[in-house]
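One structure is given here, and the rest of the page talks about it.
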Amino acid sequence: MQAAILERFGEPLVVEEVEVATVGPDEVLIDVAACGVCHTDRTLQLGAQPLPVPFLLGHEAAGVVAEVGSAVVGIAPGDHVVTCGSAFCGVCQWCMRGLLQHCEAKGRERPAGQPPRLALRGTGVGACVGLGGFATRLLVHERAVTRIPAEMPLDLAALLGCAVLTGIGAVRHRAQVQTGETVAVIGCGGVGLNAIQGARLAGAAQIIAVDLLAAKLDRARVFGATDVVDASAGDPVAAVRDLTGGGVDHALEVVGRPATIEQAFAMARTYGTATVVGVTRPNEMVSVPASEFMLEKRLQGSKLGSSAFRLDIPLYCRLYLDGRLLLDELISHRIGLDGVNDALTELDGTDAARSVITFA
């Protein structure tokens, strides 16, 4: 299969011919139709984590099942599916609590002693969160896959596995925004836009989008923002407080930087909650005034939208097909695999929403 491989940190990916192993009993082989290019892929490319190279990036994919293993139940060749990095074992303490995002045995790699799922010139290739979507095929554990309606466009369905699941899920499952509450979202990229439309779907009375780029703020209005704050023009905390008369019930940080996390906490009113959705670099620290905890404010995190993806992704398909969820507006560019490096570079400070790799 063709795959865009990370061979050295900080350098462009290289399109290579990668060998795919025989499908194991609990595995699914997928012909990839589309894969989104996420900012997390860019940070990994630049060396945010000590990944073993060669490595296959991409974690937001959809496609058609080509083959299933002998023990796979509920998924068959020809099914349209979305993959998700929140695979689960179903038996660990976190799965038993319904917190699949923290599962201890996600099956992202084969057990020791077995050949790797992917190989390049005889060397095993790791895959981002056990997926590796920048490729024409995926070989993954069955519990990283969910079926979707056949009428759902696959290029849009790809976005459900990360950007949509994370953004809307953070609002629904972790922040638990209620009808009539006020919300601020810091960072209006692909995940932030979905946090905004998640707040709209939840019935928030006021939704304030905060970003440095005017084009992103314009797009945020399309997804449901009632107000916008240009963070490049002044103190965004003061602006949010002015707009709300003291702060919001919920502030969601979707950037992954200590400064914006601190801003989110400062934007929250008495009894308000700041939810960190953005992924920070290891060892970064956040400082907040301890006295504000006496206001019963909360600072919490959300991983992959705190979602049960096999329930949520089919739901989001239905919402889209019913005209209630915006997905077409998320895609700024459709590209081929040979355009992946330009798409990754464009994530650095541009106003693009989401580039999606599509395969004919």
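FYI, it's all coordinate maths here, none of it is from the lab. Here the structure is a predicted model, which is why all the values come from computation and not from measurement. Positions of Cβ are backbone-derived with ideal geometry, glycine not excepted, and every protein chain shown enters the neighbour counts.
Here are a few things to note about the model shown:
- Packing around the peptides 321-334, 244-257, taken as the average count of other Cβ atoms within 10 Å per residue, puts them in this order, highest first: 244-257, 321-334.
- R298 long-range amide H proximity, modeled H, under 5 Å: G272, T273, A274
- If you plug the beta carbon distance of E7 and S332 into 1/(1 + (r/R0)^6) with R0 = 25 Å, you get a FRET efficiency near 0.35.
- Whole-Hz ³J(HN,Hα) from phi, Karplus 6.51 cos²θ - 1.76 cosθ + 1.60, for region 179-194, glycine and proline x: 3, x, 7, 10, 9, 10, 10, 9, x, 10, x, x, 6, x, 4, 6
- FRET efficiency estimate (nearest 0.05) - Cβ-Cβ, R97 to A71, R0 25 angstrom: 0.50
- Among the listed values (1) 62, 46, 44; (2) 76, 45, 33; (3) 61, 40, 38, the one computed from these coordinates for Cα extents along the principal axes in Å is (3).
- Distance from the alpha carbon centroid of region 260-302 to that of region 1-77 works out to 34 angstrom.
- Hits among aspartates and glutamates - C-alpha to C-alpha of K297 under 16 Å, sequence gap 8 or more where chains match: E181, D249, E253, E262
- Qualifying lysines (Cα of each under 23 Å from Cα of K106; at least 8 residues distant if same chain): K303
- Whether region 168-302 is rounded, prolate or oblate, judged on the alpha carbon gyration tensor where a/c under 1.5 counts as rounded: rounded
- Amide H partners (placed H, <5 Å) of R334, local residues excluded: V356
- Here the Karplus relation 6.51 cos²θ - 1.76 cosθ + 1.60, evaluated at θ = phi - 60°, turns the backbone of region 125-133 into coupling constants of 10, x, 10, 4, 6, x, 10, x, x Hz, with x for every Gly and Pro.
- Of all aspartates and glutamates in the structure, those lying under 13 Å Cα to Cα from K216, and not within fewer than 8 positions of it along the same chain, are D227, D230, E329, D351.
- Ellipticity estimate at 222 nm from DSSP helix runs (n ≥ 4, -39,500 (n - 2.57)) divided over the chain, nearest 500: -6500 deg cm²/dmol
- Each DSSP beta bridge with both residues in the chain is either parallel or antiparallel, and the antiparallel ones are about 55%.
- Taking amide H atoms as placed 1.01 Å from N in the peptide plane, the amide H of L99 has no partner under 5 Å among residues 5 or more positions away or on other chains.
- Listed peptides 82-89, 131-138 appear in the order 131-138, 82-89 once ranked by packing, highest mean of other Cβ atoms within 10 Å at the front.
- With the highest mean first, a sort of the peptides 160-169, 71-80 on other beta-carbon atoms found within 10 angstrom per residue produces 160-169, 71-80.
- Take every pair of alpha-carbon atoms less than 8 Å apart whose residues are at least six positions apart; their mean separation over the length of the chain yields a relative contact order of 18 percent.
- FRET E, pair S287, Q176, Förster distance 35 Å, beta-carbon r, rounded to 0.05: 0.85
- Per-residue extension of 0.36 nm, minus the Cα-Cα distance of T43 and D235, leaves a gain of 66.4 nm for this segment.
- Summed residue charge, Cβ within 11 Å of G63's Cβ, Lys/Arg positive, Asp/Glu negative: -2
- Couplings 3J(HN,Hα) of region 340-346, computed from phi: 5, 5, 5, 5, 5, 5, 5 Hz, in residue order, whole Hz [Karplus 6.51 cos²θ - 1.76 cosθ + 1.60, θ = phi - 60°; x for Gly and Pro].
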